[in-house]
Amino acid sequence: MSESFLTAQEQTTDATALSVNLNKVALLRNARALDIPSVLKAARVCLQAGAHGLTVHPRPDARHIRESDVLQLSGLLKEWPTREFNIEGNPFHNLMDLVQRFRPHQATLVPDSMEQSTSDHGWQLPKDMDALRPIVQQLKDWQVRVSLFMDPIADMMIHCKALGVQRVELYTEGFARAHAKDLQGNTTHHARQAIQPYIEAAKAAQALGLQVNAGHDLSALNLKYFLTHVPRVKEVSIGQAFMADALENGYASTVQLYLDQMTGALKP
């Protein structure tokens, strides 16, 4: 990765960064024409409380995050030069236009369809490589770090490296579901089994010089376990569970709750 892709945090620490996904704030806001709750205010409070970055996943139908939100958040982050802006989405829908205009620190490429309520799988490599190759090169030409949303399959990491991306984001719903079974049954074996592909995929990626992000259904209940077992995760992007906790505890307290889980993780 060239120096232009690195933030101060990446240059000075191996700590995992917390990026707060703001989609659910926008979804609630869009239910009425009152502009409440404010996406911008939520972002500001989270940054003030110590969040390392912000994530948005704009959809073509603007059912939650809108282009106007991306504009405001991009402006806000200029006040926080060590914090990061991650825009994620399908590069064959509306993502590339937004990235070209706002130049976030990171673009996370996700293979979701327009009708999906949420992402549910990673890219299929090498099948998708020819379509992705010019997209990745364009993003790199814009000096935007590229992260590829991937299932935890170690053998696919060599194809990610061949595409020239800097990071992979491991899709963590499978782990989260297994961990939830253990919580319900007061056991640990589901999580132990489910975490192994993530450990293997992370190690395979890192051996190739790729950095590893993680996201989807991570929560205050499973984050510490995940980071204790999966080595050197650079960033976790969390929205649904974070906002559910924030409804009860407030944004600032929820940021601290997640940071506590992260710092409490035993580094593998």
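The values are calculated or read from the model by the stated rules, or taken from the named source; none is laboratory data. Values in this document were obtained by computation on a predicted structure and should not be read as measured data. FYI the Cβ positions are ideal-geometry reconstructions off the backbone, even for glycines, and counts take in every protein chain you see.
Of everything in the range 140-178 that is among the small types (Gly, Ala, Ser) and either outside any helix (DSSP H, G or I) or touching a helix residue (DSSP H, G or I) at 6+ places or on another chain (Cβ under 8 Å) (or both), the residue that is surrounded by the most Cβ atoms within 10 Å (Cβ to Cβ) is Ser147.
Of note, Ala220 satisfies the criterion of being buried (at least 17 other Cβ atoms within 10 Å of the Cβ) and within 18 Å of the chain's Cα centre (by Cα). Go through the range 43-65 and give me each residue that's under 22 Å from Glu169 (Cβ atoms), touching a residue at least 60 places away in the same chain (Cβ under 8 Å) and among the aliphatic types (A, V, I, L, M). Result: Ala51, single match. Scan the range 203-216 for residues that are in a loop (DSSP other than H, G, I, E, B) and modelled with pLDDT of 95 or more and the total you get is 3.
Inclusion of Arg63 among residues that are under 17 Å from the mean Cα position of the chain (by Cα) and part of a loop (DSSP other than H, G, I, E, B) is not warranted.
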